[in-house]
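These notes concern the structure reproduced below.
The values are calculated or read from the model by the stated rules, or taken from the named source; none is laboratory data. Bear in mind that the values here come from a model prediction, so they are computed numbers and not experimental data. Cβ atoms come from the backbone with ideal geometry, glycine included; neighbour counts cover every protein chain shown. Only protein heavy atoms, including side chains, enter the accessible area calculation; ligands, DNA and RNA are left aside. Shrake-Rupley method; radii C 1.70, N 1.55, O 1.52, S 1.80 Å.
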Amino acid sequence: MRITRFELFPLGIPLKAPFVTSLGTLSEVQSVVLRATCDDGLVGWGECNPFWSINGETQETCLAVGKHLAKTLIGLDAADIEGAHARMDRLIFGNSSIKSAFDIALHDIAAQAAGLPLFRFLGGTDNRQLTTDYTVSLGSPEKMAADAQNIVRNGFPVIKVKLGGTGDLDIRRIQAIRERIGSITPLRIDANQGWDPDTAIRVLNALADRNIQHCEEPIPRWQFMEMRRVKEASPIPIMADESCCDHHDAERLIALGACQRFNIKLGKSGGLFKARTIIALAEQAGMEVQIGGFLESRLAWTAAAHLA
Amino acid sequence: MDGCGTPGLTSDAVRYCDMDTPLMLTSDPVRGGILYGPEGSIRVPEGPGLGASMDVDHLDRTTRVEVH
């Protein structure tokens, strides 16, 4: 089960509609697909979608760094996933997006060799049905309310709403959505670091009775020392996203009492191996987690769903 | 109850799934893999491994980076 070949492919797919967050607008997905082949014929697939403003990686850097990662992993036993991460982290700091593609491909091969679906290989027992939300991009209150109504009509049980503009406009956005769809369908809001701490506290209190499950990353990621103050003043649970990439971040946020929940994305954690450590830390701390991601195809999302 | 409906596959700590972006793409180059059903439901494949692969016709072999 020694890996004899890695192939990295750039993959571009246009989006049906622009995806708008407080971090910017995307109209096309630019991902990297990885195929790993072993000496015994087993083939594993991986994928990553580098998000420039969160990962600090692009499709081009993933291909360039991926070539170096491939060289350091060639000849390795695909089942030695911990060893693969040690080699990758020794070679180059960060670059969690492209490292996640390698992590997924190695897990694919190792689970195939074990004869198990990936979720069982990861310790899961039952194949339960999962349920996803659907996201409303940032826009005018009227546009966001119309988009939310379409999502309800399409049967989604939860709606995620991108926020993170001026506080007053964000409050109007949620008001408009609630006036259009009523109060039954729960919302999740995501400020993508768009507020300062005082604005976050003001907006979250104004939205207290709007049936909101949680708020992702209310303030800039580098202000993580302020997160506990926001959490303690907020009637809505705080979920760390950009401030929680790998297990070291999770450990720090737990020690700080910074949030109630984590949003795990394989492209932030460097793949399944470290994501599982985040989940274990959350279990110990009695915290809940969300499994999310970037704009990957169903390939990387299949890995995320196995982890869920 | 919540966005996952039930606790997740590998841990009861997993309570929420935010997995909608493949539904936003104009094409789907993946063979196998998770299946999206009505009301936001997702089914995870039960074959060995990931259970998903890429349709190689969608991949540009001319820009491929190969290490062996």
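Annotations for the structure displayed:
- Of the helices (runs of 4 or more DSSP H) lying entirely inside segment A:57-123, the ones with 1 or more residues being within 8 Å of another protein chain (Cβ to nearest Cβ), closer than 25 Å to B:Gly32 by Cα and in contact with a Gly (Cβ under 9 Å, 6 or more places away or on another chain) are found at A:96-114, A:118-121.
- Taken residue by residue, segment A:182-199 has at least one member that is more than 13 Å from chain B (Cβ to nearest Cβ), within 20 Å of A:Phe156 (Cβ to Cβ) and of a type outside the set (Gly, Ala, Ser).
- Of the residues making up segment B:58-68, those that are free of Cβ contacts under 8 Å to residues at least 12 places away in the same chain and at the interface with chain A (Cβ under 7 Å from one of its Cβ atoms) number 7.
- Selection status of A:Asp40, of a type outside the set (A, V, I, L, M), farther than 27 Å from A:Gln193 by Cβ and not in a strand (DSSP E or B): yes
- Candidate set: segment A:253-287, residues that are of a type outside the set (Gly, Ala, Ser) and part of a loop (DSSP other than H, G, I, E, B); chosen: the one most open to solvent (accessible area, probe 1.4 Å): A:Gln260
- Within segment B:15-57, the set of residues being within 7 Å of another protein chain (Cβ to nearest Cβ), open to solvent by 70 Å² or more (accessible area, probe 1.4 Å) and not polar (S, T, N, Q) comprises B:Asp28, B:Pro38, B:Glu39, B:Arg43, B:Glu46, B:Pro48.
- Options A:Ile171, A:Ile177; residue that is open to solvent by less than 10 Å² (accessible area, probe 1.4 Å), at pLDDT 95 or above and not in a strand (DSSP E or B): A:Ile177
- Hits in segment A:92-128 - residues which are of a type in the set (Phe, Trp, Tyr), open to solvent by 10 Å² or more (accessible area, probe 1.4 Å) and within 18 Å of the chain's Cα centre (by Cα): none
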